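All remarks here apply to the structure that follows.
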Amino acid sequence: MNTRITLLIAALSVVAGMQANDKAYTDSINIVNPNSVKVIEKDGKVTIEINGQKDNSDYIYSRTIEPSGESVVREENRRMGFRIPFVDRDFRSGNVVKRRQNFFDASLCLGGFGFVMPLNAPDALNFKTWQTVEWNFDHLVNVEYYPRDRRHTHFRLGFGMQWRIFGLDNMRWMRADDLTLTAVPWDSELHDRHSQINTYSLTIPFAIVQPLGSDFKLTAGAKACFNIHAKVYNRFSIDDVDYTESFGNLHQRVVTPEIFGALTWEGIGVYVNYAPCGLIKSGKGPDLKSITIGLAIAY
């Protein structure tokens, strides 16, 4: 089988040379036990595609010969299960010409759900793990740029939103006389107590997406978070009567940067968000820097 493939590729090379003003070039490659072989003729072009070889089912080889005699070869060997960023497997040799088929595309994604770990918070504050969370839909709509093709490194600019909650365990959020945000102990006569800050942001993320092979992808980038709203909710009960109090105007920063990354398989995996800047302006409340780790879905 491999001898026939060698002869077939060599024959295609000779045909290409004859088409190019009878200036013949020959080339050959030996592929052992391929899984499938296709010869396609379309619009005057002849293409041979070979998928898989002995002990490496991910091997891909294709060669396209155009009417002008120009020949384009593509070879990928994903035996190691990953690709090196920005490295194309096309090569230039004699009548082989390296080409880039760059294009733009649009996509819709979901995001993820994660648990938020506040950083540099005052020691007196204890946060409820299961109520300090993040709903992350930071790239719902995207424009993607592919310098090569979908199987290689590409770039994504998106638009979305995220909702982050900071839930206290032992204290409640209050506003002091100077309108700064502070945390104070609960009164002993209050029961069923819960206090949280809700923050809402519109996001513009920029990401580099690197396919790793076998449907794995690595995503990394940064985003601008436009913090459009922040509000405190305090819930408690007195004599079995439930009460809720809330207030806004928390002096949140208008825009904060964040860094993110994700490792996914067919759109499902884990993601990380790091917020290096405090949400509340300096002198107006606690410095709520945070890191989030969560589940990514259709990321």
query: Given a 1.4 Å probe and every protein chain left where it sits, what share in percent of the accessible area of segment 122-250 is carbon and sulfur?
result: 58 percent
message: Using the basic label-point model (7 angstrom from Cα toward the beta carbon), what is the residue 38 to residue 214 distance in nanometres?
response: 2.5 nm
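Calculate the FRET efficiency for residue 176 and residue 150 from the Cβ-Cβ distance with a Förster distance of 51 Å, rounded to the nearest 0.05. Write out the running numbers ahead of the final one.
Details: r = 54 Å, r/R0 = 1.06.
After rounding to 0.05, the efficiency reads 0.40.
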task: Report P(r) for segment 181-299: all Cα-Cα distances, bin width 10 Å, range 0 to the bin holding the largest distance, values in whole percent.
output: 12, 32, 26, 20, 9, 2, 0
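Using per-residue counts of other Cβ atoms within 10 Å, averaged over each peptide, order 143-149, 112-118 from highest down. Don't skip to the end; give the middle numbers.
On the way: 143-149: 15.3, 112-118: 19.4.
With the highest mean Cβ count within 10 Å placed first, the list reads 112-118, 143-149.
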message: Output needed for segment 166-219: three equivalent-ellipsoid semi-axes, defined as square roots of 5 times the C-alpha gyration tensor eigenvalues, in descending order, whole Å.
response: 43, 17, 8
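Test of understanding: what is the full-extension gain from residue 45 to residue 126, defined as 0.36 nm times their sequence separation minus their Cα-Cα distance?
Details: separation 81, 0.36 × 81 = 29.16 nm, distance 6.78 nm.
Between residue 45 and residue 126, full extension yields an extra 22.4 nm.
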task: Measure off 7 Å from each Cα along the Cα-to-Cβ vector at residue 249 and residue 30, then give the distance between these two points in nanometres to one decimal.
output: 8.2 nm
field: Principal axis box of segment 135-184, alpha-carbon based, largest edge first, Å
entry: 58, 24, 15
task: Please give every one of the lysines within straight-line cross-link reach of residue 128, meaning a C-alpha to C-alpha distance under 25 Å, and leave out same-chain neighbours fewer than 8 residues apart.
output: 231, 281, 284, 289
message: Can you return the lysines within cross-link range of residue 54? Criterion is Cα-Cα under 19 Å, with same-chain partners fewer than 8 residues away left out.
response: 38
- request: Enter the Cα centre distance for the pair segment 198-226 and segment 250-299, rounded to the nearest angstrom.
  value: 11 Å
message: Cut-off 15 Å, label point 7 angstrom out along Cα-to-Cβ of residue 186: give me the residues of segment 204-247 whose amide nitrogen falls inside.
response: 233-245
task: Multiply the residue separation of residue 194 and residue 169 by 0.36 nm, subtract the distance between their alpha-carbon atoms, and state the gained length in nm to one decimal.
output: 8.3 nm
- prompt: Hey, quick one: spin label on residue 241, modelled 7 Å out along Cα-Cβ, who in segment 167-191 has an amide N within reach, i.e. under 18 Å?
  reply: 187-191
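The values are calculated or read from the model by the stated rules, or taken from the named source; none is laboratory data. None of these values were measured; they are calculated from a predicted model. Virtual Cβ from ideal backbone geometry, glycine too; neighbours counted across all protein chains shown. Side chains included, ligands, DNA and RNA excluded: accessible areas come from the protein's heavy atoms. Shrake-Rupley method; radii C 1.70, N 1.55, O 1.52, S 1.80 Å.
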